[in-house]
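Taking it in order: structure first as structure tokens, then the write-up.
The values are calculated or read from the model by the stated rules, or taken from the named source; none is laboratory data. Since the model is a prediction, treat every value here as computed from it, not as a measurement. No Cβ is skipped: glycine too gets one built from the backbone with ideal geometry, and neighbour counts run over all protein chains shown. Note: accessible area is taken over every heavy atom of the protein model, side chains too, but ligands, DNA and RNA are not part of it. Shrake-Rupley method; radii C 1.70, N 1.55, O 1.52, S 1.80 Å.
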Amino acid sequence: MQELWVDRKQITGFIGSIFIIFGTFLPIYTLNLHFLDQVPVSLIDLPLIGRPLAIILIAMGILSIVALSFEEYTPLYLSGLVSLLIVLGTLILVESGLVIVSGNFPVVSAIVNNLFDYDFGWVVLLAGSAFLLVTPELQDG
């Protein structure tokens, strides 16, 4: 059988890195504006926190690719953990903001619940973090 120039461990890490990098541009929410149709919102589009967090996630993806190129797997723990904390922290922060707005203004609650829908970007970002965290634990070969 012909030997590949990369092994399964590297492929798994590269997939995680690509998921993290491209996941920052995928929609994480969809705004259902009935007069404007549906508007996708990516991590970069989030006000105030979106761009700095997206830059950090992209940097973690690039760090992972560089580490994988040199067959160093230990930095993937750092990039995977930082990515996971950013994604989960953002999810919690946005959700808590929606809960606070809905709780303080009961009329707004119905609007907010019908306005936001989750989108597939969360799944890609979480999967990328999981791939990065699992990669160092895989067997070589």
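With θ set to phi - 60°, apply the Karplus curve 6.51 cos²θ - 1.76 cosθ + 1.60 along segment 29-37 and write out the HN-Hα couplings as whole Hz, x wherever there is a Gly or Pro.
9, 10, 8, 9, 9, 5, 8, 10, 6
Expected output is a single nm value to one decimal: the length gained when fully extending between Ile11 and Leu85, i.e. 0.36 nm times separation in residues minus the C-alpha distance. What is it?
24.3 nm
Given a 1.4 Å probe and every protein chain left where it sits, what share in percent of the accessible area of segment 1-76 is carbon and sulfur?
C and S atoms contribute 70 percent here.
Run the simple label-point estimate for Leu115 and Leu93 please: 7 Å along Cα→C-beta, distance reported in nm.
Each label point is offset 7 Å from its Cα along the Cβ direction, giving 1.9 nm.
Hey, can you grab everything whose amide H is under 5 Å from the amide H of Leu26? Only 5+ residues off in sequence or another chain; H modelled, so Pro and N-termini drop out.
The answer is Leu43.
Karplus couplings for segment 17-23 from phi (6.51 cos²θ - 1.76 cosθ + 1.60, θ = phi - 60°), rounded to Hz, Gly and Pro as x?
Here the 3J(HN,Hα) series is 5, 5, 4, 5, 5, 6, x Hz.
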